[in-house]
Structure formats: C-alpha cells, structure tokens
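Down below is the structure, laid out as structure tokens.
The values are calculated or read from the model by the stated rules, or taken from the named source; none is laboratory data. Bear in mind the structure is a predicted one, so any value in this text is a computation, not a measurement. All Cβ positions, glycine included, derive from the backbone under ideal geometry; neighbour counts span all protein chains shown.
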Amino acid sequence: MSVVIVVKKDQEIVIAADTLTTMYGYIGLNSTHKSNSSKIVKYKDSWIGSVGASMAKQMFLQSLKSNSNELSLHGVDNIYRSMLKIHKILKNEHYLTPHNGAQRVESSQVTLLIANSSGIFGVSSDRYIADYSKFWANGSGGNFALGAMEQAYDTHSASEIAKIGIEAACEFDKHCELPMNLHLIKEDLDKKKTEVIEPIVDNKFCDSWCDNISSWIKKIKGYFKSWYNTLLP
C-alpha cells in the first residue's frame, strides 16, 4: 500500500517514496498525522525503501542496527549474504513467522529497494536480489510509476524521473499520497569495476593432448579398415 522507486541515469542515483501509511485497509495516515511516515531509511552509505507491513519493516530495521558491522549492501552477492543473516535474526530474535505459501524457501516478509553508490537493487521477500540498470518501483502504486518513468526516462534527469514516477502513483493509486521523500546519490564507477581473470592455458599440455587424440584416431581408422577387409570375399 505504498510506492517506492529507484532511478539510475548519468551517474546519478535516486530513491524516492510517498508518505502515506494505510492501516487496516481503509485508514490513511499521512505525514501530518504520523511523524515517522518516511518509507526510506539510511543504513551506512545506503538508502533503503520498504513497502508492506509496518511491523516487518520495524523488525528489519532493528536487525540492521544490531548488526551494523557485519552487513554490506553493495552488490548482489553482499546483499544476499546480508539478507540471509538478517533472516536468521528475524526468526530468532523477533519471532518472525516465515509463511511459505507457494514459495520454495521461507519468506522474510519484507520487500526492499536499495540505492547506494554501487547501483540500484531490489530485494524480494524470498531474498532474490535484482540489480536494475535504469529504474524500478515497488508497492501498490508501482505500475503507475513504472509507466510514467518509462515515458520520461530519455528526456529527463534522474531526479525528475523519480518525481514524475511518484506523482503518477499518487495521482492514480488511492493508497499513495504526497509529499514525497527523495534522496540523490552519485554513482561510484570505481565500485562497478570488476576484475577480469583470464583463463590459464597450458599450451604444451594442449599440444601434447591434441597429438595423442590424432594418434588415437589414426589407430581407430586402421582397426576399422582391417576389420572391414576381413569381411570382403
């Protein structure tokens, strides 16, 4: 019952969200009535936006704070390992009930978008990590935001695209409402570099192996030729 979006363009990264909290499906608390209405929180040098149950969000944030030295949110692998650690904490310390339903693994009951200098990432409740190249949106207003951002992407800056997405969601989804929270980050291209490891090839071994194969093939041909000649009258 929200909208949270992330955008990446021209080395700028943006995360934004509306500020309406929906309770029991019909009560709406906006930023006037709720002081902690922000759906985006900062963890170290990352911004995290969440949608879904407020209680699950609170448990997740407490798990982050209590294990701040062990967790990293830079890159798919680091986020995945961090989410595995957090899931254990949610179960053991916060009494999370990981309903499975049709899922193959236990659910962490949170859906996140993460923005930092490494990029923009999505985390599903089963801890699948997505690395987005342009933009994404979560929440009940997400489809409206995605359509608006797709139209605006080529002609607007990252901040403008994010604003357009949030405004579209708030215009058409009854569970989203302005004002929005928006945070801008600069992409660190150095953190995006990956080391390319060339395969180690032993040419002497390959040459020897190829020579042996050729010798075996010649022998097999000779055997078949001899066998075939024995069949002739």
Requested in this report: Return the only residue of Ser82, Ser31 being surrounded by 15 or more Cβ atoms within 10 Å (Cβ to Cβ), hydroxyl-bearing (Ser, Thr, Tyr) and either more than 21 Å from Gly139 (Cα to Cα) or within 19 Å of the chain's Cα centre (by Cα) (or both).
Outcome: Ser82
Query - Filter result for the condition that a residue is in contact (Cβ under 8 Å) with a residue 60 or more places away in the chain and crowded, with 22+ Cβ neighbours inside 10 Å, over Gly165, Gly119 - result: Gly165
Requested in this report: Select, from Ser2, Ser38, the only residue that is assigned to a loop (DSSP other than H, G, I, E, B), within 19 Å of Gly165 (Cα to Cα) and in contact with a Gly (Cβ under 6 Å, 6 or more places away or on another chain).
Outcome: Ser2
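Residues in the stretch 110-123: is at least one assigned to a loop (DSSP other than H, G, I, E, B) and among the aliphatic types (A, V, I, L, M)?
Among the residues of the stretch 110-123, at least one is assigned to a loop (DSSP other than H, G, I, E, B) and among the aliphatic types (A, V, I, L, M), which makes the answer yes.
Only residues that are farther than 20 Å from Lys91 by Cβ and either small (Gly, Ala, Ser) or touching a residue at least 24 places away in the same chain (Cβ under 8 Å) (or both): list them for the stretch 49-71, please. Working first, answer last.
To start, the set of residues in the stretch 49-71 that are farther than 20 Å from Lys91 by Cβ comprises 49, 51, 69.
Correct list: Gly49, Val51.
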Report task. Please find, among Asp188, Asp154, the residue that is farther than 20 Å from Asn30 by Cβ and either modelled with pLDDT under 75 or within 19 Å of the chain's Cα centre (by Cα) (or both). Result -> Asp188
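For (1) more than 20 Å from the chain's Cα centre (by Cα); (2) acidic (Asp, Glu); (3) modelled with pLDDT under 95; (4) closer than 29 Å to Thr32 by Cβ, each residue gets a yes or a no:
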site	(1), (2), (3), (4)
Ile114	no, no, no, yes
Ile120	no, no, no, no
Ser125	no, no, yes, no
Asp131	no, yes, no, no
Glu150	no, yes, no, no
Ile164	yes, no, no, yes
Glu167	yes, yes, no, yes
Glu171	yes, yes, no, yes
Cys176	yes, no, yes, yes
**Report entry** Residues being over 17 Å from the mean Cα position of the chain (by Cα), small (Gly, Ala, Ser) and surrounded by 18 or more Cβ atoms within 10 Å (Cβ to Cβ) - total across the stretch 41-79
**Finding:** 2
Query raised in the report: Gln151 passes all but one of (1) touching an Asp or Glu at 6+ places or on another chain (Cβ under 7 Å); (2) of a type outside the set (D, E, K, R); (3) surrounded by fewer than 17 Cβ atoms within 10 Å (Cβ to Cβ); (4) part of a helix (DSSP H, G or I); which number fails?
Result: (1)
Report task. Test Lys57 against the stated conditions and say whether it is charged (D, E, K, R) and more than 21 Å from Pro98 (Cα to Cα). Result -> no
Requested in this report: Inspect all residues belonging to the stretch 19-27 and state whether any of them is over 17 Å from Lys174 (Cα atoms) and either modelled with pLDDT under 90 or out of contact with any Leu (no Cβ under 9 Å at 6 or more places or on another chain) (or both).
Outcome: no
